[in-house]
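Take a look at the structure set out below.
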Amino acid sequence: MPSVALTLRLADEHDTETLASALALAWMQHPEPRLLITLDGDLGAGKTTFARAFLRALGVQGRIKSPSFSLLEEYKLDIPDLQLKGTLQTSAYHIDLYRFSDPHEWDDSGLRDVVGGAGVSMIEWPQRAQGLLPLADLSVHLEPDGEQRRCTVRAWTEQGQRLARALPEGLKSG
Ligand SMILES: Nc1ncnc2c1ncn2[C@@H]1O[C@H](COP(=O)(O)OP(=O)(O)OP(=O)(O)O)[C@@H](O)[C@H]1O
Ligand SMILES: [Mg+2]
């Protein structure tokens, strides 16, 4: 069971972007080498919207394609590391498992090594590899509520809890 679970109401796309950037900025304050966030919810729930805003906050420029067809998009990151007074060079992996027809495609995809190594990974449609993914630091569930979205953020690790605690109070009302 997660020790932190927050329910948020996201009135529009901008609220989803605010949530994602706040989590990304919290990670950048103390960038642990490995971070995994799963994003689940139906078609059009806002998973890619969240991932794009998270990547932008990490400094990714240029086009951010949805990985619905490619399965994986990688972005090189240069994160200012305040502790080392230098730059942390790492990668972000934006993954979408929608096209998996069987969870065991996870085993053949090579993604286990990608997600298990250093870097920030965000996975859309994690349920397509149910039971095979490593423990996520945070799971983000989005569901339509009229034109708005109801969002549940759950923290499953200490790192996840630290990020969840950094969310702005204004978002925690829902
Ligand atoms: N609160 C909200 N958060 C995110 N998106 C919203 C919100 N309200 C409306 N939207 C709209 O919903 C759509 C979400 O599309 P997006 O591609 O992010 O969904 P997705 O969950 O990645 O879908 P898919 O499963 O097809 O990959 C966008 O058109 C966005 O403008
Ligand atoms: Mg998507």
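With the cut-off at 1.5 for a/c, could you classify the chain from its C-alpha gyration tensor as rounded, prolate or oblate? Rounded is the answer for the chain, as its axis ratio a/c remains below 1.5. Here the accessible area is traced with a 1.4 Å probe on the protein chains. For the chain, carbon and sulfur cover 49 percent of it. For the chain, the dipole from Cβ point charges (+1 on Lys and Arg, -1 on Asp and Glu) about the Cα centre works out to 400 debye, to the nearest 20.
With runs of 4+ DSSP H residues as the only contributors, calculate the mean residue ellipticity of the chain at 222 nm using -39,500 (n - 2.57) per run, divided by the residue total and rounded to the nearest 500. Intermediate results must be reported in sequence, preceding the final value.
Numbers: 5 runs with 47 residues, N = 174.
Dividing the helical sum by the residues of the chain leaves -8000 deg cm²/dmol.
Over the chain, accessible surface divided per residue gives 51 Å², non-protein components excluded, 1.4 Å probe.
Tell me the GluC sites (Glu not before Pro) within region 130-174 that lie in a loop according to DSSP and have at most 10 other beta-carbon atoms within 10 Å.
Answer by residue number: E147.
Extension gain for Q83 to D113 (0.36 nm times residue separation, less C-alpha to C-alpha distance): 8.1 nm. Computed from label points 7 Å out along Cα-Cβ, the spacing between F69 and E169 is 4.7 nm.
How do the peptides 97-104, 10-17 rank, highest first, by the average count of neighbouring beta carbon atoms within 10 Å per residue? The partial results should precede the final answer.
Details: 97-104: 13.9, 10-17: 16.4.
For the peptides 97-104, 10-17, the packing ranking is 10-17, 97-104.
Where both bridge residues fall in the chain, DSSP classifies roughly 60% of the beta bridges as antiparallel.
Let me make sure I get this right: for region 127-173, a, b and c are the square roots of the gyration tensor eigenvalues over alpha carbons, sorted descending. Under 1.5 in a/c it's rounded, otherwise prolate if a/b > b/c, else oblate. Which is it? The shape class here is oblate.
The values are calculated or read from the model by the stated rules, or taken from the named source; none is laboratory data. Predicted model, so just to flag it, every value in this text is computed and none were measured. Note that we place each Cβ from the backbone using ideal geometry, even for glycine, and neighbour counts take in every protein chain shown. Areas reflect the complete protein model, heavy atoms only, side chains present, ligands, DNA and RNA absent. Shrake-Rupley method; radii C 1.70, N 1.55, O 1.52, S 1.80 Å.
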